[in-house]
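The next block holds one structure in the form of structure tokens; read it before the comments.
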Amino acid sequence: MLNTDLIRLNLHIGDYLRRTRHMTAWEHGAFLMLIMHYWSTGGLPQEDAQLAIVAGMTMKEWQKRKEIIAALFEPDWKLPWLEADISDALEARARKSAAGKKGNSVRWGDNRHANSDRLAFGRRSHRDPNAIAPGSLPLAARRMEESDQEDNSFSGAGNDSSASEVIPFEPRRQ
């Protein structure tokens, strides 16, 4: 068995219900657990003890319900429709990966990482390698620098308010 690392299982509700209308809630749960294990590993174990564990049942529960669940599978616990879905999902992932790599090589060329620092952190000074580029500070930080340069004291020209006085907030009307 292979580890597919696939995150999403395509569960077609209509198809699922057509196959499983005759099953009890226990059997639905076991079948779904088997399908999810199949999806993530590419197959199911052959031993009853392992199948019971995957289905989330005790051996006694598994033996009681095995015949109904096994009828949904082909020999050796195979599901051709699920294998086709796994194959399609793996091919789609490979196509997306190839497209991403192609787009990356078109954007960056052969030397992909040459400009990554400059683009991520802005241009740096040649004199100081740790210097932050002018104008690269976030807006809030620039406003803080500007406000530090102003006189924010309460005792100033024409201001009779004290710092302990609370001024009620009135929203601006538009």
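For this structure, a couple of remarks:
- Hits in the stretch 5-37 (condition: modelled with pLDDT of 90 or more and touching a helix residue (DSSP H, G or I) at 6+ places or on another chain (Cβ under 7 Å)): THR20, MET23, TRP26, GLU27, HIS28, ALA30, PHE31, MET33, LEU34, ILE35, HIS37
- With respect to (1) at pLDDT below 95; (2) surrounded by 12 or more Cβ atoms within 10 Å (Cβ to Cβ), the lone exception for PRO80 is condition (2).
- When the test is whether a residue is more than 19 Å from PRO75 (Cβ to Cβ) and of a type in the set (A, V, I, L, M, F, W, C), LEU44 does not pass it.
- Pairs with Cβ under 9 Å, 6+ apart, first in the stretch 58-85 and within 19 Å of TRP26 (Cα to Cα) and free of Cβ contacts under 8 Å to residues at least 24 places away in the same chain, second part of a helix (DSSP H, G or I) and not hydrophobic (A, V, I, L, M, F, W, C): MET59/ASP48; GLN63/ASP48; LYS66/ASP48
The values are calculated or read from the model by the stated rules, or taken from the named source; none is laboratory data. Just so you know, these numbers come straight off a predicted model, no measurement behind them. So basically every Cβ, Gly included, is an ideal-geometry build from the backbone, and we count neighbours across all protein chains shown.
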